[in-house]
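Q: This structure is in structure tokens; I'll ask about it shortly.
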2 protein chains.
Amino acid sequence: MEHPQESILACACELYLSDGLAGLSMRKLAKEVGVTAPALYRYYDGREAVLADLVRHAHHVFSDYIRRGLEAPTPAERFASAAQGYFDFALEHPRWFAIMFFGPERLGMDSIPDDIESMECAIHQFWNDRVTECMRAGILKEGNPQEVSLTMWAHAHGLIQLYHQGRLNTDEDGFRRLVKESSDRLFAGILTDDFLSLKPFGDGAREEEAETAVAAGAGT
Amino acid sequence: MEHPQESILACACELYLSDGLAGLSMRKLAKEVGVTAPALYRYYDGREAVLADLVRHAHHVFSDYIRRGLEAPTPAERFASAAQGYFDFALEHPRWFAIMFFGPERLGMDSIPDDIESMECAIHQFWNDRVTECMRAGILKEGNPQEVSLTMWAHAHGLIQLYHQGRLNTDEDGFRRLVKESSDRLFAGILTDDFLSLKPFGDGAREEEAETAVAAGAGT
DNA sequence: GTCTATAATCCGATAGAC
DNA sequence: GTCTATCGGATTATAGAC
């Protein structure tokens, strides 16, 4: 190959997707590439560096998924297609989804490389932009976009995690239905109006923080 | 010790809590116990059996947390204290929380032992009971208790996962505040009333399934 | 740039003596 | 019931020849 690094990374992807993290060793990777293990160290400082590139790759694929449909005309459509892309990515590429949320300990690193942390921040910003758009369009209640997007992110992330761990006892079609129904509940609320008009669970500070919101831009 | 199994398990807990799953080897465990590795095999068939007992232990601790306060007088209080116990457990014992959601692959098992799966089902039933109670009390909108509890479970689980992976950039106090605010949003809904009365995102089948719900018992 | 050879560890699990 | 000794395997990573 003209660019050894790329073919090494391609083989690393293949190995990771088929055998998982534990199955990705420098020896197996070398065998897959067609060289011996020491040769890999010409292009990667070690296993950690390979894993870091895998995480970067996952972020690129993920980014493609959530950004497709970004040219839709309305904020609601842009949000919906981004959310759809999120679940599509998680369901079509569970291992790529997983490696994005492994954390440094699981990856055998001291800390996440800076450029990867930047990609994570870019994702946060992306969702903040979607939420801010929808607030301005009057679709979402006013509020702190970061906190509102956290609520939706946590809900989606939790659903996916539970499904991937096989704790929902359903197949992919059933899961997609569950996601839809559960999202509807999140959007509409689950408390009765009677109870809501009386007194919510906590101190119920939900109205007086409107001025702290609506500030971010719309780029990535 | 009079009961070798128990002291082995105690050491295994200690080792797991300090060094994580990867740090728990039969050799280290033996050293911790004060014997040599082969002696362990008198009491455990192998590493998998030790891990299974760790998962069982985690479930017992977890169960204590979510069931404390179960003698409260109202369904709302019982639910609130159970939810509080859930987050307390996750924050005070992150590694015990984590091992409950590792899945067989991560534990190096073919499948989860039956008795552990039973414990997982008992947890599901516990939350279904809490939700059913609150529906009957008019606190939660009528609906399928399993699906409503899934929405709340996913939200809580996702929040905890994201926090434990350090993706929320906040300390424990800040996280507890985020949890409170995000839960309020989930309870009350995040869409504007205007948009909600028009047409929710999907087909919006939320009213016509009331008769399928409200059937479960109230015991654990 | 790639190889052979190897260092240095670690692992789970077992056989058989005591 | 515990030990010593060991099997058989894995891993990352390096030294030095070619």
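Q: Say a label goes 7 Å from Cα toward Cβ at B:SER25 in every copy; what distances in nm does this one have to the rest, shortest first?
A: 1.3
Q: Give me log10 I(q)/I(0) at q = 0.08, 0.11 Å⁻¹ for chain A, Debye formula, one equal scatterer per alpha-carbon, no solvent.
A: -0.38, -0.68
Q: Using a basic spin-label model with each label point 7 Å from the Cα along Cα→Cβ, how many nm lie between B:ARG56 and A:SER111?
A: My value for the distance between the label points is 4.2 nm.
Q: For the protein assembly as shown, max minus min Cα coordinate along each principal axis, in Å, sorted largest first?
A: 66, 64, 38 Å, listed from the longest principal axis down.
Q: Working only with C-alpha atoms, what are the Rg and Dmax values of the range B:1-55, expressed in angstrom?
A: Reported Rg and Dmax, both Å: 9.8, 29.
Q: Which distances, shortest first and in nm, link B:GLU71 to the matching position in the other copies, using label points set 7 Å out along Cα to C-beta?
A: 6.6
Q: Moving on. Could you give, in nm with one decimal, how far B:LYS180 is from each other copy of that position, shortest first, with labels 7 Å out from Cα toward Cβ?
A: Label-point separations across copies, in nm and ascending: 3.8.
Q: Right, here's the next one. Tell me which of B:ILE66, B:PRO113, B:GLY46 sits at the most positive position along the dipole axis of the range B:46-199, charges placed on C-beta atoms (Lys, Arg +1; Asp, Glu -1).
A: Going by the charge dipole, the pick is B:ILE66.
Q: Over all alpha-carbon pairs of the range B:28-133, lay out the pair-distance distribution in 5 Å bins, whole %, shortest bin first.
A: For the range B:28-133, the pair-distance distribution reads 2, 11, 18, 18, 16, 13, 8, 6, 4, 2, 1.
Q: Calculate, for B:ARG177 and A:VAL35, the FRET efficiency according to 1/(1 + (r/R0)^6) with r their C-beta to C-beta distance and R0 51 Å; round to the nearest 0.05.
A: The pair B:ARG177/A:VAL35 has a calculated efficiency of 0.45.
Q: Once the Cβ-Cβ distance between B:GLN125 and B:ASP193 is put in as r, and R0 is 45 Å, what FRET efficiency do you end up with, to the nearest 0.05?
A: After rounding to 0.05, the efficiency reads 0.80.
Q: What size of dipole, in debye to the nearest 20, comes out for the range A:1-79 about its Cα centre when the only charges are +1 on Lys and Arg C-beta atoms and -1 on Asp and Glu C-beta atoms?
A: With Lys and Arg at +1 and Asp and Glu at -1, about 160 debye.
Each value in this text was obtained by applying a stated rule to the coordinates, not by laboratory testing. Worth saying up front: this structure is predicted, and the values here are computed from it rather than measured. Neighbour counts run over all protein chains shown; Cβ positions are idealised from the backbone, glycine included.
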